[in-house]
Amino acid sequence: MTLYICARLGMVAAATAVLVLVNVPLLVALAVGVVVALPLSMFVFKGLRTRVAQGLEEKQSARRAEREKLRAQLRGDAA
């Protein structure tokens with residue numbers, strides 16, 4: 001997750017730097033960099049995004065199983 005966030009922030013920084021070098025005001029360049037980096041990162045970082053989604057799904061399913069186990073124990077069901 002951290003790697004994906006850093007990659008997206010790096011893309012925003014790179015787009016902003018390029019625009020600033022072309023004499024675009026900093027705040028405008030930053031705004032354009034954020035808007036451009038969002039759709040561009042969907043294609044460029046597809047592999048990272050997929051890995052993050054899989055990791056989140058695994059954690060979610062582990063939490064779901066633990067929650068169901070706890071609920072069964074609270075109901076008094078045999079484990």
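Things to note:
- Being under 14 Å from the mean Cα position of the chain (by Cα) and either surrounded by 10 or more Cβ atoms within 10 Å (Cβ to Cβ) or in a helix (DSSP H, G or I) (or both) is a property that LEU56 has.
- Taking the criterion of being over 30 Å from GLU57 (Cα atoms) and touching a Gly at 6+ places or on another chain (Cβ under 6 Å), the residues of the range 1-35 that qualify are ALA15, THR16.
- Residue pairs whose Cβ atoms lie under 7 Å apart, sitting 6 or more positions apart in sequence or on different chains, and linking a residue in the range 56-77 that is of a type in the set (A, V, I, L, M) to a partner that is outside any helix (DSSP H, G or I) and modelled with pLDDT under 95, are ALA72/ALA79.
- The condition of being farther than 14 Å from LEU3 by Cα and surrounded by 11 or more Cβ atoms within 10 Å (Cβ to Cβ) does not hold for VAL44.
- Residue check: ASP77 meets all listed conditions (1) more than 30 Å from ALA17 (Cβ to Cβ); (2) assigned to a helix (DSSP H, G or I); (3) over 20 Å from the mean Cα position of the chain (by Cα) but one, namely (2).
- Complete set of residues in the range 1-50 that are touching a residue at least 40 places away in the same chain (Cβ under 8 Å) and not hydrophobic (A, V, I, L, M, F, W, C): TYR4, ARG49
- Flag for LEU56 being of a type outside the set (S, T, N, Q) and at pLDDT 95 or above: no
The values are calculated or read from the model by the stated rules, or taken from the named source; none is laboratory data. Just so it is clear, the structure is predicted and the values come from calculations on it, not from any experiment. Counting neighbours? That spans all protein chains shown, and the Cβs are built from the backbone with ideal geometry, glycine included.
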